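Here the structure is laid out as structure tokens; the discussion comes afterwards.
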Amino acid sequence: MIKEKTEHVKGFHVHLLPSDAFKTNTFVLQIKAPLEKETVAARALLANVLKSATEQFPSRKDIRAHLDELYGATFGIEVTKKGEHHVMAIRVEVANERYLKADVPLAEKALAFLVEVIFNPFLTEAGSFDERVINTEKQALKQRITSIKDDKTRYANVRLLEEMCKNEPFGLHPYGSIEAIDQLTADDLKEAYNKLLSEDQFDLYAVGVMTEEDVLAALPERKVNINESTTQSKNNLPEEVSTHEETEDIQQSKLHLGFRTPVRFSDAEFAAMQICNGLFGGFPHSKLFVNVREKESLAYYAASRYESHKGLVLALAGIDPKEYDKTRSIMVEQLEALVNGDFSEEELQQTIRMQKNQLLEQSDTSRGLIELSYHAVVSGVERNIADWIQQLEQVTKQDVIDCAAKVRLDTVYFLHGEEA
Amino acid sequence: MLEKKDFPTLKETLYQEKLDNGLSVFLLPKDSLNKTFATFTTNYGSVDDHFVPLKGEEAVKVPDGIAHFLEHKMFEDEEGDVFQTFGERGAQANAFTTFTRTAYLFSSTEQVIKNVHTLLDFVQHPYFTEDSVEKEKGIIEQEIRMYKDNADFQILFGLLSEMYQKHPVATDIAGTEESIQEITKDDLYTCYNTFYHPVNMTLFIVGPFDPEKMIEEIRNNQAEKSFDPPEEIERIFPDEPAEPKSQEKQTEMSVSTPKCLMGFKDKNPNRQGEELLRYELSIQLALDAMFGPGSEAYEEMYEEGLIDDSFSVDFTAEKTFAFSLIGGDSKDPEELVARIEKVLSSFRNNEISDELFQRVRKKRIGTFLKQLNSPEFIATQFTRYEENGMDLFDVVPTLEDLTHTDVNKALNEHFEPTQQSVHYIKPKVKVDA
């Protein structure tokens, strides 16, 4: 298992994950701020603007040419939400030169490029972001938001969260809204950028064969006034269930159920909650899959996901609109079955094994390793893979029953065709 | 005999053996992984719908979607669901059907040998009943319906049905809601017996294991089973004209942004082996040079808001068909098509320069190394290469050997205006009742 080394230097948290398992070296800078209605759109647009032009490489084309020169290094910036944090991740992955005929210091150049992207963006003589870049990226970002609607499962998921968490930051989409993006100015972006530089927490991950000295030497000194709070979001259990319906011209209807759980990544019962979700809808042997898909043939897919930093369990099924009532009851009954202890010791052990397997498989990829490690940053609680596995192995039937009993249905969202 | 092949530049060692019953086995030990990933693949996909059955005389035509239907049904036997057997060991199993292959796979981090036996055993043990076949129809109908709402899927199959006049590549892999109703238990056995013979199958395993021990287990597993003597499978493909059926088509769907997809139908889809590898890499390099994110055209169109991140290019080649794809979401898809045509015509006249060639080749080499990080990529792609007489681990040396002349030759051969088709998807106009 890979041994992580973490250091706090130059205003960065540097996480080194030495490994020769990969034919590439990967660097990811995760930039974390609170998820807020006022800043989400500006940060999302900023990510796209930073991605498009730097001082040394002032256009997308220059950036591409440089990356191609680095043997097609992959470069991207994503904004996501992790719990109620808004995380901007800048990722550069580059071939390890030991597998090439050419002798070029690719890892060093890739890291230098990442540093350039965040610290030396392309600015006009007046020191602001370029209007042309801003306008192009506004269009592209709005387009990305619009196209969410074309993936109906994803759209239903976004809509469920908007309804369920309408008074909480978690209801925000990490890209912001089209209206908010339209109103952003170059000044707003500069303000967001300055705030990010001075206040956000920077976690740099290096996976591969680079040495600690090389990584640290590549980083500039960052003057910071860091906001490192890992504020736990509020998560009030619902008093009643609200139901929302929407019509679209679609063949297959989407039924999404949002539940709340008080158990989160930072809690001691986390492993039990993970197993609880695994039994509910996390795997092909789970209650939802077996009962909604296999026994009743009601759906092609039926599954659930556990948002562990926020404390949500999201269950979904693609169904025939006529089967709404029946499917909804069967889905809710599967959770009740867990509360009643209606699952065998074998099913429990199987779920534990599947969950362990998933964790180990995740740590076979550089992206997975970084994701796993970053949970600690988001939650404020360290849980390395060995501990995590041990906690999973210790989960008992009663633990699962206790967790299931705390889960409450909050919101039902149903997207269906015209005739339903 | 287990043969060992070293790839020193890539620091990989591959072991291979053809068993007595004809099964091809490839083992790639990698101690750095936690998981073992295995694929058991038959050289049989949705296009193989017309063939002479094993021990038969006359050719039969089977219903559309049967290869995929068979894939679904393989997971069930007398004792129930084989997902369950893998699941009890914490393993994940899955399968997929393409135009030309059906692959069964698992990944696991414990009890790997047992899982390998299960993989071989369940795929080599067909068990279909009338009841279970009927029940599966409901599940597959839902799957087909899900694809009906998927615009990216619809734009591709709509385009293929413009490009191909007779070839079954134009048929949805899962079939239609109607065609799957015709499938019977006997049809499934016919297809199974013909195409799931070991001689038509490949097992590829990558993970942290000892290759000698692994091959011993596989040999023993196969020695316990008996199979009919292999026959050469006679597959029948229609005489497909070189030209596309039509060059333009439009479909309305519930989408928010219009989409367009342009395809070029290759006139010579019979290349195999080294010839195919060189041609395929050349077309990929040409596509990247002309339309990749580093190209002039991409940058211009992106700045004008004519394309977004969904814009992409692709090239597919198998034994009886080959085509390239260019397209994505666009607010003005007609203009996008006009621009793509302009770029193609300019490159046909002026060629890809050596400098541009060098750049996209470097990029392709780095991308390939990145792909080798993925056990899933290695196992599935190796099998595809193998079935087309190519070797996945030859990609870098072949790239190094290519010149910009090769790329320009392939470009001129493939991207001819007569071979072009376009499919547009436009948002449905809502009519108030």
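The values are calculated or read from the model by the stated rules, or taken from the named source; none is laboratory data. It should be emphasised that the depicted structure is a prediction, and the values quoted were computed from it without experimental measurement. Using ideal geometry, Cβ is built from the backbone for each residue, glycine included, and neighbour counts are taken over all protein chains shown. When the accessible area is computed, the model is the full protein with side chains, heavy atoms only, and any ligands, DNA or RNA have been set aside. Shrake-Rupley method; radii C 1.70, N 1.55, O 1.52, S 1.80 Å.
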What lysines sit close enough to A:K234 to cross-link, taking a C-alpha to C-alpha distance under 27 Å and skipping anything fewer than 8 places away on the same chain? A:K32, A:K37, A:K81, A:K82, A:K166, A:K195, A:K310, A:K406
In Å, the Kirkwood estimate of hydrodynamic radius for region A:242-416 over Cα pairs equals 16.7 Å
Between region A:230-304 and region B:15-60, what is the C-alpha centre distance in whole Å? 38 Å
B/A buried area, accessible surface, summed, 1.4 Å probe, Å²: 5500 Å²
Find how many whole Å separate the alpha carbon centroid of region A:49-85 from the alpha carbon centroid of region B:152-185. 39 Å
To make sure I understand the rule: partners must be lysines, Cα under 18 Å from the Cα of B:K362, and not fewer than 8 residues away in the same chain. Which ones qualify? A:K23, A:K61, A:K101, A:K109, B:K370
Between 0 and 90°, nearest 10: helix B:333-350 axis offset from chain B longest Cα axis: 90 degrees
DSSP bridge orientation in chain B - percent antiparallel, rounded to nearest 5: 80 percent
Interatomic Cα distance distribution for region B:156-283, bins of 10 angstrom, percent: 8, 22, 28, 25, 13, 3
From highest to lowest solvent-accessible area (probe 1.4 Å; ligands, DNA and RNA excluded), A:K356, B:K114, A:K397 read B:K114, A:K397, A:K356
Accessible surface ranking that places the most exposed of B:Y424, A:Y324 first, with a 1.4 angstrom probe: A:Y324, B:Y424
Once phi for every residue in region B:239-247 is put through the Karplus expression 6.51 cos²θ - 1.76 cosθ + 1.60 (θ = phi - 60°), the whole-Hz ³J(HN,Hα) values, with Gly and Pro written as x, are 6, 8, x, 5, 8, x, 5, 9, 10
Chain B: D in µm²/s via Stokes-Einstein (Kirkwood Rh, Cα pairs, 20 °C, 1.002 mPa s)? 91 µm²/s
Just to confirm a number: summing +1 for Lys and Arg and -1 for Asp and Glu over residues other than B:S46 whose beta-carbon lies under 13 angstrom from that of B:S46, what do you get? -4
Determine the share of region A:264-392's accessible area contributed by carbon and sulfur atoms, expressed in whole percent, with a 1.4 angstrom probe. 46 percent
Measure nothing but the geometry: give the 0 to 90° angle between the long axis through the Cα atoms of B:273-291 and the longest principal axis through the Cα atoms of chain B, rounded to 10°. 40 degrees
Dividing the alpha-carbon Rg of the protein assembly as shown by 2.2 N^0.38 Å yields what? 0.95
Just tell me how shielded B:294-306 is by partners: mean number of partner chain Cβ atoms within 10 Å of each residue's Cβ, no decimals. 4
How are the alpha carbon pair distances in region B:80-233 distributed across 10 Å bins from zero to the largest one, expressed in percent? 8, 29, 34, 22, 6, 0
So for each of A:290-298, B:326-334 I average, over its residues, the number of other beta carbons within 10 Å; can you give me the resulting order with the highest mean first? B:326-334, A:290-298
Distance (nanometres) between label positions extended 7 Å along Cα→Cβ at A:E179 and B:E275: 6.3 nm
Kirkwood Rh over alpha-carbon pairs of region A:5-218, then Stokes-Einstein at 20 °C and 1.002 mPa s: what D in µm² s⁻¹, rounded to an integer? 117 µm²/s
Region A:318-420: Cα Rg divided by the 2.2 N^0.38 Å rule of thumb: 1.41
Straight distance only, please: which lysines reach the Cα of B:K319 with their own Cα at less than 17 Å, same-chain residues fewer than 8 apart left out? B:K166, B:K265, B:K267
Indicate the helices, whole DSSP H runs only, in chain A that combine a mean Kyte-Doolittle hydropathy of -1.0 or more with a Cα extent along their long axis of 15 angstrom or more. A:40-52, A:106-119, A:152-164, A:186-199, A:324-339, A:366-379
Phi-derived 3J(HN,Hα) across region A:284-292 with the Karplus relation (6.51, -1.76, 1.60, θ = phi - 60°), rounded Hz, x for Gly and Pro, is x, 8, 5, 4, 5, 5, 5, 8, 7
Per-residue mean of other chain beta-carbon atoms within 10 angstrom of the beta-carbon, peptide A:135-144? 4
B:N349-B:S374 FRET efficiency (beta carbon distance; Förster radius 35 Å; 0.05 resolution): 0.35
Among all cysteines in the protein assembly as shown, which have no other cysteine Cβ under 4.7 Å from their own Cβ? A:C165, B:C191, B:C260
Once amide H atoms are built 1.01 Å from N in the peptide plane, which residues 5 or more positions from B:T102, or in another chain, come under 5 Å H to H? B:T42, B:Y44
So what is the orientation-averaged projected area of region A:133-234, using the convex hull of its C-alpha atoms, in nm²? 10.0 nm²
For A:A268, the net charge from surrounding residues (Cβ-Cβ under 13 Å; K, R +1; D, E -1) works out to -3
Averaged across A:300-306, how many Cβ atoms of other chains sit within 10 Å of each residue's Cβ atom? 2
Want the number for B:H125 to B:A223: 0.36 nm per residue separation, take away the alpha-carbon distance, what's left? 33.8 nm
Taking a probe of 1.4 Å and leaving out DNA, RNA and ligands, region A:242-416 shows per residue an accessible area in Å² of 34 Å²
Which far-off residues, 5 or more places away or on another chain, put their amide H under 5 Å from the one on A:Y300, with H placed in the peptide plane? A:G318
Helix-only CD estimate at 222 nm, as mean residue ellipticity for chain A, using -39500 (n - 2.57) per DSSP H run (n ≥ 4): -12500 deg cm²/dmol
Can you tell me the equivalent ellipsoid semi-axes for region B:248-427? Use √(5λ) from the Cα gyration tensor, largest first, whole Å. 27, 19, 17
Count charges around A:S147 for me, please; just the other residues with Cβ under 13 Å from its Cβ, Lys/Arg as +1, Asp/Glu as -1. +1
Quick P(r) readout (chain A; Cα-Cα; 10 Å bins; whole %) gives 4, 20, 27, 26, 17, 6, 0
Could you tell me how many degrees, from 0 to 90 and to the nearest 10, lie between the Cα long axis of helix B:151-163 and the main elongation axis, the longest principal axis, of the Cα atoms of chain B? 80 degrees
